[in-house]
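Below you'll find the structure, written out as structure tokens, and then a few comments.
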Amino acid sequence: MALLRFIITTASLCGSALAITAADAAAHVIFSYPGTAHPARLTTLAQQCQIGGVIIFKDNVDDKLPAYITGLQSAYASGGCAVKGPLLILTDQEGGQVKRLPGGPTLSQKMIGQQSNLDAAGNTAGIQAAAALKAYGNNGNLAPVLDVYHEAGDFEDQNERSYSNDPAVVAQCAAAFIKAQQGKGVIATAKHFPGLGAAAASENTDARPVTINRSLADLRSIDEAPYTAAIQAGIKMVMPSWALYPALDDKYPSGISSKWIQGELRGRLGFEGVIVTDAIEAGGLSGFGTDPERSVLAMTAGVDLILAAARNVTQGEGIVSALVTAVNSGSLSSSTFSTSTSRISSLRNTLSHPSRAGQLPFASISRLWVDDMFRNKTLLGADIMDVPLRVLPFVNRVTIGLYELAMLEKPEANMRLRVDSQQLTRRKV
């Protein structure tokens, strides 16, 4: 116990003891790469726990892709990484013209919204999407689009990416899609919050800044309405848009706005899942610095995952480095970062992994441990000095490896904790 007292005291006095590493930051970054070269560099980074996942584009797809993804997952699993569960392998498999992988959904979202049985059409599309994704080792889909198009031929309608100009139809189709796809074990993503339905045909946030001058009342009653249904359907991820919505925030686009992310999406709508950016290199953010700088802004606003989609592995590495610097310098709150890491960990532990079959997800075990701690109020089976909550991340790295402790938000400044040491399973951090 003397050693534990020394560790806690040292951590209390030395802020650098709480520093995060590249492996910690990388859980928040989705990488990309060009063509079908399937780079060995990503496999090396996976072995070092320094990627959080990969986004797949159409030009990455060949018959070697499934084996490459399996190799990435195996490399990561062998690294003893702090965040357990499979890497997130994502793509855009919306249906119609927007599909990165062979297979379904056959119908575009607009076509689905025109069917006589919306639930059946949405369900079929979700099942088809899941089958196509799983065939190539993908465990997440950056779909469905929840944008409620405003006028015929506008940005989302011209490529048939919107179910309807009726928010009730969008909500019904999206909920059916989400339930069907996630029922097959593939994460769904609702996008682009709070909505790009009012964007004109030429207003593409991938290319340039876009401002949506819509009243807050209309945004909430029309554009955000499908998100209520999606959240009720159990949506696991949400992607905010890069458009500016002056009705709530006239300075920051939605994806880097705490007003939209913390206040509206999490606060008013009650979304508790993972928030992922759109492509961080998008032209819509041209006034907000470099990709690493934008990433820090997004995380500060409350985003969890950064989509580094420039098809360049070094882009992702640069973002990881920036996040490490931001947290360790204090410009990005360590509490915000740790809470975000816990959300990602919980999400990834819902995914199947060959090496985890039959095991209780680590996040679930963690919750049991934490409940036991606060009931018994001591640590490691003996009374010890009060442990400041800000020191918990360091303590649990050194003693029990319980990273989820970092996200605890208890009103008490200090507590006595207990964990029965026989219940603990150490892991490599």
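Nothing in this text is a laboratory measurement; each read-out follows from the coordinates by a stated rule. Nothing here was measured: the structure is a model prediction, and the numbers come from that model. Neighbour counts are summed over all protein chains in view; Cβ atoms, including those assigned to glycine, are modelled from backbone coordinates with ideal geometry.
Tabulated results
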quantity	calculated
Overall form of segment 21-356 per C-alpha gyration tensor (a/c, 1.5; a/b vs b/c)	oblate
Within segment 21-356, percent of DSSP bridges classed antiparallel, to nearest 5	10 percent
Segment 228-359: C-alpha pair distances exceeding 24 Å, %	31 percent
Calculated log₁₀ intensity ratio I(q)/I(0) where the Debye formula runs over C-alpha points of segment 23-91, q = 0.29 Å⁻¹	-1.45
When each of LYS134/LYS259; LYS58/LYS110; LYS58/LYS251; LYS64/LYS99; LYS99/LYS251; LYS84/LYS191 is checked by Cα-Cα distance, pairs over 30 Å	LYS134/LYS259; LYS58/LYS251; LYS99/LYS251
Other-chain or far-sequence residues with amide H under 5 Å of ILE89's (modelled H)	VAL54, ASN139, GLY140
Sorted by Cβ neighbour density within 10 Å, fewest at the top, the residues ILE56, ILE178	ILE56, ILE178
Burial order of peptide ranges 257-265, 25-33, 121-129, 63-71 (average beta-carbon count within 10 Å, highest first)	25-33, 121-129, 257-265, 63-71
